[in-house]
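Here the structure is laid out as C-alpha cells; the discussion comes afterwards.
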Amino acid sequence: MEPERWKRIEEIYHAASQLPQHKRSSFLVQACDGDDSLSSEVQALLSHDEKAGNFIESPAADIVARAIASDRAKVSESVPAGTVISHYTIVEKIGGGGMGVVYKAEDTQLHRFVALKFLPGDVRDPHALARFRREAQAASALDHPHICTVYEIGEHHGQPFIAMQFLDGNTLKHVVSGKALALEQCLELGIQIADALEVAHSQGIIHRDIKPANIFVTKRGQAKVLDFGLAKITDVQKREGASSLATATDEQHLTTPGTALGTVAYMSPEQVRGKELDARTDLFSFGAVLYEMTTGILPFRGDTSAVVFDAILNRAPSPAIRLNPDLPAEMERIIGKALEKDRELRYQHASEIRADLQRLKRESESGHSQALLTPAVQTKWKSAGITALGIVIGLAVLGLAWYTWHPRASAPPTALKQRQITANPAEDWIPASAISPDGKYLAYLTLSGLLVRSIDSGETRSVVLPPDFPPPQIWEIRWFPDGGKLLLTRRASVSELSLWAVGVLGQSAPQKLRDAAAEPSISSDGKSVVFLSGPLKGPHDISISSVAGESQRQLAPASEDQAFHSPVWSPDNQWIAYFVEKSNGTSIEIRSAQGGPAKTLVSDSVSAGVAPDCTAESGCICWLPDWRLVFSGSQKAAQESGKNLWQIPVAPASGQASQQPTLFAQLDGFIPGSMTTTMDGRILVLDKLRMNADVYIGELDRNGAIKSPRRLTLDTHNSIPEQFTPDSQSVLFVSNRNDKRELFRQQISSTIPERIVSSSAENLAFGNGFSPDGRWLLYWEFPLQAGSAPPTGRLMRQPIGGGSPEKVMDISGDADFFCPFVAGHPCVLGVTEGRELVFHSLDPLRGKGEPLGKLAIDAKWFYGWAVSPDGSQLAVVDHGHVDQIAVLDLGRKTWHNVAVEKGWGLFQSVAWAADGKSFVVTNLLPDSFNMIRVSLSGKVQPLLGNPQRQWMVRPRSSPDGKYLAYQAQTSDSNVWMIEAGRADGK
Amino acid sequence: MQQPSSGDITQLLRAWSSGDESAFDQLLPLVYQELHGRAQRYMAHERSGHTLQTTALINEVYLRLVDLPQRNWENRAHFLAICAQLMRRILVDFARSRNYQKRGGGVQHQPFDEALSICSESPTQIIAVDDALKSLASVDERKSRVVELRFFGGLSVEETAEVLKISAETVMRDWKMAKAWLLKEISENGLHGA
C-alpha cells in the first residue's frame, strides 16, 4: 500500500472514531469524497474496532503462563480413582488446589488408607530430589501420637509425593475460623501440640511453619501436627533455585495483600528478620496459634505483609483477655510468654509451655465440675448399636490445609486487586458500608455505631445520631455526591423502611426523606434518587423522586410475580438498571430514567449462562463511570456454585450490552453486598459476607431462663438442629460439613459429632427425628440436584436396633414432621399446599394417616410449628400472624389462638417447653433477633436478645426439660476494596 | 541450575541481537524459568481467586537478571526492545510447539466465527497475531513495533513510548488502529482462506 493512502486511511479512521456512531457514515461519505474503497477500508477498521474488546490486551506472556498453568492443573488434578501409583491405588481426591493435591489412596501392600500429597512443581534435578528425600525422611522418623506419620517419600513422573497417615477430621484453621474455642479444648489441643513439638525438637527437627492450617484435629479431638520439616526443605529448594517457581521476592511479600497474610502471620520475629532459626521459633508461632484459638483473632494483623511484619517485630498484640474476658489470667500469661519478641525471654523449651498448660488445665478442671469430653463418653453411643445405621465411613473434607503446605514459597504476588479494609470479627460484623464519592472515606456500620473512616490515615469517627435513632436500625448507607451527607435506610419498626439524610459530621438532626422506601441510589448530579417503594413485604415498585422526596414518579410497577432489587443510575443519569427475580429466573433489566419499556440486559439465557443473583443482599449492582455494569451473579454451568462479580459494558446511546459478561472479581464463597464506587470509578467497595448456621445449647434454670448458651457445633459449615435424643444427652442435627446434608448427633458435653445418616446419592432435608416409641429414626431424603421446583423426596425409617432403612412414603413440597416425646400419640406431618399448611397424622410404618387440620399461613415468609410433648396439641407461628400463636387441639381437631403481649415483633419459629406449659418462640424486632418464652396465656418472658443481628430459629427443648437447643446464624462481614481497572483493560 | 551472571546475559542478548543463534538457546531457559514461575503463581491464584496483575515479564527478567544498581547495560530502551523480540520469538515458538493450532494449516484457514474467537485469549491467538503482525510491518513498521512491545514485550504505554521515542498519545493511537487492523486481517484471512 502506498504510504500516502495509508496515511489518509489513518487520518480518516481516527477522526471517524472520535464521532458518535450515527454521525460516522455521513462523515465518511464526505471525507472519502467518492473514494468507495477508501471508505470501506476505514469502515472495516471501525467495525473491527468495536469487536476488539480485550483482544491482545493481556500480554502474550500471561496467556502462555496461563496455558502452562492450566496444563499443569490438568496433570495434577486428573489422577482418576483406580490409578496405581507405586503401590498405592487412588481412591479419591480429598483436597488441594493450585499448590499441590491430596488423594486418599489405598496401600495395596499394607492394606490401609493413606493420604498421598503431591508436591507442586517438577523436580528435574536429581540432586534436589535426593536432598528432598533425605530431609523429609529425617522428619518422617518422628513417631508420635500428635504428629502425622509420614510413611514414604516417593516420586511419580517427576512429581514428588509424600504418603502419610490418613486422618479423619479438619484442620485447626477450619475448627477455629474466626471464633474462639472453649478453654477446655484450647488446653487439650495445646498440650498435645506442645508435646509434639517437644519430641521433634529433642530430635533436632524444627517445624518452622506452625500454624492452624498445619495442625489437624481428628474427629476424636486429637491434634496432629502436619508437615514437620517440610518448611525447611522448601526453603532450601528455594534458595538453591531447584524450584525456581514461585520465588516470591521480598518486595512481593511486602506488598502482597490478603491471601499471603495467612502464611506470614505466624512467623517469629527472627524469622521475619531472616536470622538463623532454632526451636524457639516454633514456640513463638505456637503462641500465635494459642492466641488465635482462645480469641478467634490473629495476634498480628494487617492488610499487607509489611504491616504484619511490623506488628510482629514492634507491636504488642491486644491482650487476649480483652478479646475473650472468660479467659483465665494464667492463659494470658502463657500466651504472652510464648509471644515474647526476644527469644531469650520467651519459653525456651516446649516442655515448659506444656507444663504450664497442663497446670492450668488441672486448675480449671477442679474449678469446673463440668465433664470434659472423654473417649468413654464418645463411645457410649456406639455401644448402643445405633451406628449400624446406613453409615458411610466418615471422611471429612480436608480442605484448606492441603494447598497451603508450601507457604512462603507460594506466597501469591498479587497486585493490589482486592484489599480488605476492615477486619471486624464475626461478633461485630459489618452489615452495611459505602465509599465516599472522592474515595477518601468509608462509612460503615458496626456495633459501636455508624462510623466514618479515613481510607488513608485509618482515623475513624462516629456519626452522632440522636438517641431515638439507634444505629442497629440502619439497613443501608449511601453517600450524597457532595460527600457531606449520608442517605440511610432505616427500619424503625418491623414493617417499615424509610429513607433519611444525615450530615457526616452529625451536625444536624437526621431528616426523613420518605416512608416505605429502600435500596436507594442517588444520581451523580445529586438531584434525584431511585428506590424501591412499597410496604416492607412487598410488592415494591421502582420509583424516582427528587432527593428532597418530591415529585415521585413510578418507573417500574410492582407486581406479585416479580421482585426488584438494587436500582442504579447510569453514569449519565439517563438509564436505570435493576435486578429482577421472577419464578422462571433472574435478570438485570434497564429502562430509560424518563420511563418506557424494560429491556433485558443480563439473564442466564442471553448472557452465556451467567445469571444475576441478588437475592441475599442489597447493593449488588454497581455502574462504573466507564459504563461497565458490575453485578453479582453465578454461572450456571460452572461446577463450583457461588457468586462472583461480573462486568458487562453498556452502550450509552442504546442502553444495550455489546458483549457477554466477563468475570470482574472472584468472591471465594463470600456473598457481596453494599457495592459502591467513587466518582472516578477507580475503586469499587463492597461488603463480603459469610453466613454460618450453628447449633447452640443452653441450660434452663428453674425459672425457665437460659443460662450461658454456648455453641455446640464447631465447624465452618452449617449445622441445623433437629431434636434431642430421647435421653436428652445428645442433639441430632443436619450438617453440610461434607458438602451434602447428612444427619449427625453430638453429645451435649462433647465437641465431636458422629454421623448417623448419610447416603451417596441423596440429600437430607431438615426435619428428622425419633418415633415416639423410640424404635425408629425417621428422616427425609431428597435428590441431591433438587431444582427450584418443589422438591420430591421420600421419608425413610431406620430401625434403631439395626437394619437397613426403608421408605415410609414419597413426598412433594415443603414438608416437615414432629413426633411427641411420649409413646401412644402419633407423629404429625405438615405439608405446605399453596398458602396452606396441612397437617396429617403420621405413622412410621403406615405413612400418612388421617387429616388433622389446616391453617392459612404466610408461606412466602417464615413460619414454624411444633407438636406438644404429650402429642395432644400443635402450635404454629408465622410472619403473617402478628402477636399470636395458633394452637390445634389434635384430639378435637379445633383451632384456637394464644394472644401474645404486644410489641414482640414477628414470630418465626416455635417450640413447646418440655412440660407443655409454655412456648419458646424466636422473634424479629426492628433491630435485633430474640428468643422469648410465652406462657399458655400469652405472657412473655424474654430469654435471649442480641443486638448483633444474630438470627435465631428452630428452638428445641430436651425431653427432660433441662436444655434448650437452637440454631443461630452468625455472619462474618467485612469491607473490601477492588481496584476496578479500566474497561479497556489498561 | 547454574545461572548466567548478569554480565553474561548482557553479552548473550547482544550476541543474539547481532544474529548469534546459539545465544538464543542459552537465553531460552532463563525466560522459561520466569514463565513457569508465573504459571505457578497463576495456579496459586486460581484457588485464591485473585488475578495476577500483568506486570511485564520483561521487567521481571530485567530486574532479576540485570545488575540494576550498576546498570551496565547502556541503554534500557534498547534492552527492552531486544527483549520484546526475544519474547516474541519464544512465545510464538511455544504456542506452535504445543499443538495449540486447531487444524494443520494454522489460523489462516479458520472460518470467520472461529477467527472472531481469536479475541479470546489463547496460544492460538498468539500465532495469529504474530502472522498478521508481519503483514502489518510491511504497511506500517512503527505500528507493528508498538504491538510487539506491548503484546509480546508486555510493556506499558509509557515504556513503549520510551523505546520508540514517540509520545504516549501516539502509542495509544497506533495501538488502537493496529488492534483494529490486526483483527480485520485475521478475520479476513479466515474468510478468504476457508
Note down the net charge around A:GLU459, summing +1 for each Lys or Arg and -1 for each Asp or Glu among other residues with Cβ under 15 Å from its Cβ.
+2
Counted neighbours (other Cβ, 10 Å), sorted fewest up, put A:TRP912, B:TRP181, A:TRP475 in the order A:TRP475, A:TRP912, B:TRP181
Sequence-distant or interchain residues sharing an amide H contact under 5 Å with A:TRP575, placed H: which?
A:SER570, A:ALA593
Pull out the extension gain between A:ASP33 and A:ARG710, defined as 0.36 nm times the separation in residues minus the alpha carbon to alpha carbon distance; nm, one decimal.
235.4 nm
Averaged over residues of B:169-181, the number of beta carbons from other chains lying within 10 Å of each residue's Cβ is 4
Please arrange A:TYR441, A:TYR291 by counting, for each residue, the other beta carbons lying within 10 Å of its beta carbon, fewest first.
A:TYR441, A:TYR291
Just to confirm a number: summing +1 for Lys and Arg and -1 for Asp and Glu over residues other than A:SER918 whose beta-carbon lies under 12 angstrom from that of A:SER918, what do you get?
+2
The answer for A:LEU700, listing residues at least 5 apart or on another chain whose modeled amide H is closer than 5 Å to its amide H, is A:LYS707, A:TYR963, A:LEU964
Would you mind checking A:LYS7/B:LYS176; A:LYS643/A:LYS688; A:LYS117/A:LYS275; A:LYS7/B:LYS143; A:LYS179/A:LYS211; A:LYS93/A:LYS117 for any pair whose Cα atoms are more than 20 angstrom apart?
A:LYS117/A:LYS275
Fewest to most neighbouring Cβ within 10 Å: what's the order for A:SER570, A:SER462?
A:SER462, A:SER570
For A:LYS599 and A:SER26, what is the calculated FRET efficiency with R₀ set at 25 Å and r taken between the beta-carbons, to the nearest 0.05?
0.35
Taking a crude spin-label model, label points 7 Å out from Cα along the C-beta direction, the A:LYS740 to A:THR832 distance in nm is 2.5
Round to a whole angstrom and tell me the spacing of the C-alpha centers of segment A:470-509 and segment A:664-714.
22
Given A:ALA705, A:LEU629, A:LEU645, which one lies farthest toward the positive end of the charge dipole of segment A:622-715, if we put +1 on the Cβ of every Lys and Arg and -1 on the Cβ of every Asp and Glu?
A:ALA705
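Where a number appears in this text, it was derived from the coordinates with a stated rule and is not lab data. Here the structure is a predicted model, which means the values were calculated and not measured. Ideal geometry is used to build each Cβ from the backbone, glycine not excepted, and the neighbour counts take in all protein chains shown.
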